[in-house]
Every structure is written in C-alpha cells, then in structure tokens.
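Q: Before we start, here is the structure in question, set down as structure tokens.
The values are calculated or read from the model by the stated rules, or taken from the named source; none is laboratory data. Keep in mind the model is a prediction, meaning the values are calculated, not measured. Don't worry about glycine lacking a Cβ; one is built from the backbone with ideal geometry, like all the others, and counts go over all protein chains shown.
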Amino acid sequence: MTSTLDAPAVHDELTGLLAAADAQEPELHARLATRFPGSSSDPGTRPTSDEDVADLLTDAYIAVPREVGELLALLLRATGARTVVEFGTSFGISTIYLAAALRDNGGGRVITTEIEPAKADAATASLRRCGLDDLVDVRVGDARETLRGLDGPVDVLLLDGWSTLYLPVLEIVEPALRPGALVVADDTSLFPESSRPTSRVSGTRGRATGRSTSPSATDSK
C-alpha cells in the first residue's frame, strides 16, 4: 500500500525536521547540564517536573523519533481514525505523521494545540509544505482552554506535551472520546511522579497505551 509518508514533499519535510531535532540535542543537553550540574550522578539534583525545565525548552524540537511517528501513523490507519486530538504540537513532526495517516484513511481532522506561538507558526508552515494543512486545525494557547468543548467523536488522543497536564487534558477531552477510543501518552517515564496519574485513563471510555523513555529532555513530542 502506498503511504502519504512516502510522498516526496512529506518525506523531505520530515527528514529535514528530524535532522534538525537531532542536531539540537547536544545544545539541549548542555542547557540542562548548566541548570542541573551533577544531575547524572546525583539524582537529588535532577529536574523532577516539567516546570523545572520549561524555560529551557521554548525553542526545543523535543521530537518523536521516526519509528514512533511511523507507529502512530500505523495505529491511526489500523483503527480507521478520522478525528485525532494532539496535545503538544511543537514543530509539527508528530502532527505530520498523524495527518498523513488521515490522508491514507480518506480524510479527517487533526486538532492540535501548542502554547508557543512561534512553534505553532513553524508547524503550520511545515504542514503547508507537505500539503497536509487542510487536515489540521492548529490551536495556539493553553490546551486546558483550546481543547474545551470539542465536537466528538474523537477516535485518538495523543498526549505529547507537558506530562503534568496529561490528566487535566484527558479529563477535558474525555467527553468527546468515542467508545473504544485510543489514548496514547508519550514520555510517561520522563517525570514518572508527575505522569503517574495517567494510569487512571483505564477508567475512561478509551483504551490507553504509553511510551516510556529514558529521562532525557530530547525525547518528547
């Protein structure tokens, strides 16, 4: 089956974005090392929540790796998803994978939200270059406001922003989830204590899955 991900415009845009994200990693690690010296050897000096590092990452890609993006697209195609909500657009890498899967499914809508306006603008431009912008509604602001009052049914919810907000965002989106909806939480081990409440997702109308990663600032969106 031919995938939209194989289209030259989409492939080239993703390749460029993923390369930029990889190139940024040393700088992000340096920022964290400056803020939290000795954190690799002394757990007591490590950041323990999103708020500890938020100001260091306003321009960070924090991108899903290619294999995770491809897994997301596979999940959407396998479930025939038509409406997807994403918390945490960043520069739009994961959003491209989601929108490409919807194109393969015959259409639909990705509602994605990003609190940093510059990131939202960059993501919108990338989606336009891919020819996928017609499938995506990019909302700018606090997800606890931008995702209120969604029209359902929502087939898939991707939680890929600050983990401390996973449960509040889930509770806001939950009324719009269709029965059996898929809820995907990324980076559930980045700050384990703050993301632990997402275990309550099993009590919602959706099904849950998560991706645990090592505690690195470069494995998120």
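Q: Looking at ILE111, ILE93, which is the one that is in contact with an Asp or Glu (Cβ under 6 Å, 6 or more places away or on another chain), in contact (Cβ under 8 Å) with a residue 12 or more places away in the chain and either buried (at least 24 other Cβ atoms within 10 Å of the Cβ) or within 21 Å of LEU165 (Cα to Cα) (or both)?
A: It is ILE111.
Q: Now a separate question. Being in contact (Cβ under 8 Å) with a residue 12 or more places away in the chain and of a type in the set (D, E, K, R) is the filter here, so list the residues in the stretch 134-143 that pass it.
A: ASP137, ARG139, ASP142
Q: In the stretch 125-166, what residues are touching an Asp or Glu at 6+ places or on another chain (Cβ under 8 Å), modelled with pLDDT of 95 or more and either β-branched (Val, Ile, Thr) or farther than 15 Å from LEU177 by Cβ (or both)?
A: Answer for the stretch 125-166, where residues must be touching an Asp or Glu at 6+ places or on another chain (Cβ under 8 Å), modelled with pLDDT of 95 or more and either β-branched (Val, Ile, Thr) or farther than 15 Å from LEU177 by Cβ (or both): SER126, LEU127, ARG129, CYS130, VAL138, ARG139, VAL140.
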